[in-house]
Amino acid sequence: MSHNRIRALVGSIALSATVGGVALAGMPGAQAATELSVPAQGSKALGWTAVIKHQTGAYDNQGQLFLASPTGGAKYIGEVSDNAGIADVSYDARYVATVRQTSTGQKVAVWNTSTRALRILEVPGKIHLYADKVVAVTATQATTYSAVTGAKLSSFAINGGFGSTVSPLGGSLVVGAPQGKSVNVYDMATQRLVRTVDKPQPYEDCKPVGGFDATNFQMLCSVPSGFGAWQVYAEGYRTATPERYLTPVGLDKAYNTSPRLARQSGGDNTVRTYDVATNRPVGPTWAALGGAYGSKVIGGPVTTVPQTATSLVSWDAVTKTSTTLMTGLITAAKTVDGT
């Protein structure tokens with residue numbers, strides 16, 4: 001399906017499962033990908049990674065979405081526009097949401113990785129996936145849609161606007177209040193506010209930046225000692241967590257790995273991985289960092305061409321070795337890692 005056809009079909013509720021089901025041999029550069037069976041519905045698909053791959057460059061009108069296995073090989077899912085990014089991957093890797101901005105608003109494509117069926121939603125806000133549901137979060141509303149039918153399921157008012165995250169299984173929605181003065185936790189089932197977490201002193205503002213484990217999420221809090229300084233702090237979804245920091249100052253997200261790893265996003269659109277215990281960079285410089293789980297980091301390392309990755313690799317923080325999972329010009333990646 002061409003770039004122009006996707007635009008033409010944006011207004012439709014659903015596309016046939018056969019739209020994305022073009023034979024691999026017919027897709028430019030897709031022949032080398034190994035067809036895989038996706039993880040079982042409801043499983044914990046740690047390490048599975050959604051990948052956007054291009055042929056000659058990020059704006060070549062040849063974007064393709066794949067689902068890559070943590071042990072190697074990938075499944076072709078469908079074609080994506082040049083300006084599309086990966087918003088989220090469901091915990092069982094059965095759904096991937098890609099987003100792109102247009103002159104008329106945000107377009108969200110929800111892909112079924114098993115059937116390649118595609119749903120198009122025209123909704124604003126940050127997009128999260130859990131189970132077979134899509135949550136669109138704006139500053140004032142959290143709206144849930146069916147990933148299967150595209151139907152609106154529910155909507156409730158929130159006090160947000162400063163970041164959001166949804167727990168991996170969808171039980172909790174965490175949003176940052178305006179100006180980051182507090183973080184609010186809502187129960188997704190009852191649609192009620194269950195916790196308000198005040199910013200820890202002496203931090204100036206905090207926003208949620210993802211989950212950490214089954215019971216804790218991460219807040220990125222600004223450090224008043226200097227411009228651009230921040231620190232990642234852990235807090236419980238349902239109950240207070242003893243005050244603890246997941247990273248040294250200057251790192252912007254932690255991973256629940258062994259050894260504990262964190263990331264630092266650079267001004268040149270690259271990302272470095274840090275060992276929290278030593279506060280030193282480890283592993284490749286990443287052009288597209290998908291995520292981390294266990295002792296492994298998955299992403300596309302920078303090559304000799306700045307900000308460009310030509311492979312998706314799994315790097316092990318214990319053995320300091322890399323395994324190539326797939327090749328090609330990788331422009332975006334997002335890994336199922338619980339965060």
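General remarks:
- Meets criteria (surrounded by fewer than 20 Cβ atoms within 10 Å (Cβ to Cβ), over 22 Å from residue 39 (Cα atoms) and of a type in the set (Ser, Thr, Tyr)) for residue 295: no
- Options 240, 332, 277: the member that is at negative phi, out of contact with any His (no Cβ under 7 Å at 6 or more places or on another chain) and part of a strand (DSSP E or B): 332
- If you check 100, 116 for being surrounded by fewer than 24 Cβ atoms within 10 Å (Cβ to Cβ), of a type in the set (Lys, Arg) and without any contact (Cβ under 8 Å) to a residue 24 or more places away in the chain, only one passes: 100.
- Residue selected from segment 250-292 under the condition in contact with a Leu (Cβ under 6 Å, 6 or more places away or on another chain) and among the aromatic types (Phe, Trp, Tyr), by the criterion nearest to residue 209 (Cα to Cα): 255
- Total residues in segment 183-199, condition of a type outside the set (D, E, K, R), touching a Gly at 6+ places or on another chain (Cβ under 8 Å) and closer than 19 Å to residue 233 by Cβ: 2
- Scanning segment 122-180 for residues that are surrounded by fewer than 17 Cβ atoms within 10 Å (Cβ to Cβ) and basic (Lys, Arg) yields one hit, 152.
- Among the residues here, residue 11 does not qualify as out of contact with any Leu (no Cβ under 9 Å at 6 or more places or on another chain), modelled with pLDDT under 50 and surrounded by 13 or more Cβ atoms within 10 Å (Cβ to Cβ).
- Residues located in segment 46-65, provided they are of a type in the set (A, V, I, L, M, F, W, C), closer than 14 Å to residue 330 by Cα and in contact with a Leu (Cβ under 9 Å, 6 or more places away or on another chain): 50, 51, 52, 58
- Close pairs (8 angstrom Cβ cut-off, 6 or more residues apart or separate chains): over 15 Å from residue 281 (Cα atoms) in segment 243-260, among the acidic types (Asp, Glu) and at pLDDT 95 or above anywhere: 256/337
- Any hit, segment 118-131, residues being over 27 Å from residue 214 (Cβ atoms), assigned to a loop (DSSP other than H, G, I, E, B) and touching a Lys or Arg at 6+ places or on another chain (Cβ under 7 Å): no
- Residue check for residue 241: within 30 Å of residue 131 (Cα to Cα) and at pLDDT 95 or above: no
- Residue match in segment 273-288 (condition: among the aliphatic types (A, V, I, L, M), free of Cβ contacts under 8 Å to residues at least 40 places away in the same chain and crowded, with 21+ Cβ neighbours inside 10 Å): no
- Hey, residue 318 in contact (Cβ under 8 Å) with a residue 40 or more places away in the chain and touching a Ser or Thr at 6+ places or on another chain (Cβ under 8 Å) or not: yes
- Residues of segment 303-329 that turn out to be β-branched (Val, Ile, Thr), modelled with pLDDT of 95 or more and either part of a strand (DSSP E or B) or farther than 17 Å from residue 259 by Cβ (or both), as a count: 5
- For segment 190-204, a residue qualifies if it is at pLDDT below 95 and aliphatic (A, V, I, L, M), and exactly one does: 197.
The values are calculated or read from the model by the stated rules, or taken from the named source; none is laboratory data. Keep in mind that this is a model prediction, so the values were computed, not measured. Cβ atoms come from the backbone with ideal geometry, glycine included; neighbour counts cover every protein chain shown.
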